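FYI, it's all coordinate maths here, none of it is from the lab. This one's a predicted model, so the numbers in the text were calculated from it and none came from an experiment. As a convention, Cβ positions derive from the backbone with ideal geometry for all residues, glycine included, and neighbour counts pool all protein chains shown.
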Amino acid sequence: MSYTTIHKSNTSADAPPGRGGKIWRMGLALLLPTMLVLEAGAAKPLAEPAAELTVLHWWTSASERAAADHVAARMAEQGLRWVDGAVAGGGGGAAIKVLNERTLRRMAPKVAQLNGQSMSEWADMGLLLELDGVAQRRNWSRTLFPQVMSQLTVRNHVVAAPLGIHRINNLYLNKAVFAQQRIELPQDWPGVLRAAKALRAAGITPVAFSDEPWQVATVFEALLLGEAGPALYRRMMVEREPQAFDDPALERSLRRLRDWRGLALPATPPGAASGPQPVMLGERPWTDLVADFAAGRSAMLITGDWARGELGSLGLEGGRDFDCRAVPGTAQAHLYSIDTLAMLAGSGAQAEQEKMAELLGSATLQLGYNRIKGSVPVRRDVPVDELDPCAQQSFALFANPATPRVPSLVHRMAFSEVGKNAIIETVHRFALDPAQTPAAAQRKLQGLLRALAPQAAPTQPPRPAR
């Protein structure tokens, strides 16, 4: 296989940046115009061999790595070489930071994982190669789902190639654990609480949970969808109506988040101090949660279906070894995130980039990649009967025109990077601070939305020297 690794970072930047990070970004935005004018005309970096495409991304788990390997192998068959630029960090924060730094240093990769609103910011700066010709030749407007085409398009130009659609609002249940303990698989929240009580009595941690900020917020947005419903969720996270944040559903969602996290905490020993006592679960990688779930050390897990890909790498199969259900209250909705790869403009490899984009959108690659990754194809014409029942269910739901499809906040489908990080930080602080009431957290989110509303434009990525 034609495959090379050139960068890997263990930096944990998934947590929303603090004050220092915000100041760094503000300074970067102010200094870049002057710096880039001074650098204009400087010697261009040495070009890579024409057939090589450096790909910066954050797919580093076993299943993600296998999915990337699949793409690399198919590229090699087309005479293209995937030069790997993986950056560790499930939420992608570290990868975005590296992409900014490399672009500022005029060392931008030729291909980068950019999803949703962050992709729009880069396109507005003219940093992404327009793929309109590829989209027309391959008839993407007919073969891809409309929501996918919308995510790929910025100001009437296609600026990225699609890979897969993830569903976020999943509740995974370990069937072996439930069967061994003779506990009925829950259908609703009362059933979840009954099951959790029985699991605790059997010495099993009911829920797998991490205090890593993006994971906390991923659970929260799924719970919010259940409590608010698709219409109110859209008013909050897409239309950003301040009055929508007054709704009691938001407070209920925050309370539900704290209750769900509580099901992952160790049982309170007799005679323990009463009152709010912070208990840290640790910012564990999502792969650790999946491993606990697979081994039966926990029985329930709310997360995106990238977990299903990882469970597959551990030898488990959806429908047989674990049950994949929607978070209660969200069965008819699809909270989605779409993986995309953008081609950086001005790399001198446009022909190779377009060739890769065509491959990524092909039916054959779509089926092979998504089977490994846990996601589902972006094409409407791909037969999914070879995928497991969980994937077939997700695909059928997304393909149904009557399904409310709502974009994920945490995974960049609804908010800019700055707004997303601010909301994640607020939710994360609430989840870990038992002294903060849900009503207080709701007021903070309302204030945050008002603070974000006047922004004329999102923080822009760096513009490389021409």
Take His157, His57 and order them by how many other Cβ atoms sit within 10 Å, fewest up front. His157, His57
What is the set of long-range amide H partners of Ala86 at a cut-off below 5 Å, with H atoms built 1.01 Å from backbone N? Ile6, His7, His57
When the Cα centres of the range 100-137 and the range 200-249 are compared, how far apart do they sit, in Å? 30 Å
Which part of the range 143-162 falls in the paramagnetic zone of Gln136, meaning amide N under 17 Å from the point 7 Å along Cα-to-beta-carbon? 143, 153-160
When the chain is fully extended, how far beyond the present Cα-Cα distance does Arg297 get from Glu241, taking 0.36 nm per residue of separation? 16.0 nm
Give me, ordered by chain and number, the residues 5 or more places off Ala299 or on other chains with an amide H under 5 Å from its own placed amide H. Val207, Ala208
Virtual spin-label span in nm between Gln181 and Arg450, 7 Å along Cα→Cβ: 4.5 nm
Hz values of 3J(HN,Hα) by residue in the range 117-123 - Karplus curve (6.51, -1.76, 1.60), Gly and Pro given as x: 5, 5, 5, 4, 4, 5, 5
Expected output is a single nm value to one decimal: the length gained when fully extending between Ala202 and Glu283, i.e. 0.36 nm times separation in residues minus the C-alpha distance. What is it? 26.6 nm
Filtered hits (aspartates and glutamates, Cα-Cα < 12 Å from Lys175, offset >= 8 within chain) -> Glu184, Glu317, Asp321, Asp323
Expected vector for the range 205-221, Karplus 3J(HN,Hα) from phi with 6.51, -1.76, 1.60 and θ = phi - 60°, integer Hz, x for Gly and Pro, equals 5, x, 10, 8, 8, 10, 8, 5, x, 5, 6, 4, 5, 5, 4, 4, 5
Rounded to whole Hz and in sequence order, give me ³J(HN,Hα) for the range 172-189 from the Karplus expression 6.51 cos²θ - 1.76 cosθ + 1.60, θ = phi - 60°, writing x for Gly and Pro. 9, 10, 7, 5, 5, 5, 5, 5, 4, 8, 6, 10, 5, 5, x, 10, 8, 5
Amide H of Ala326 versus every other amide H placed in the peptide plane: which residues, excluding those fewer than 5 positions away on the same chain, fall under 5 Å? Leu171
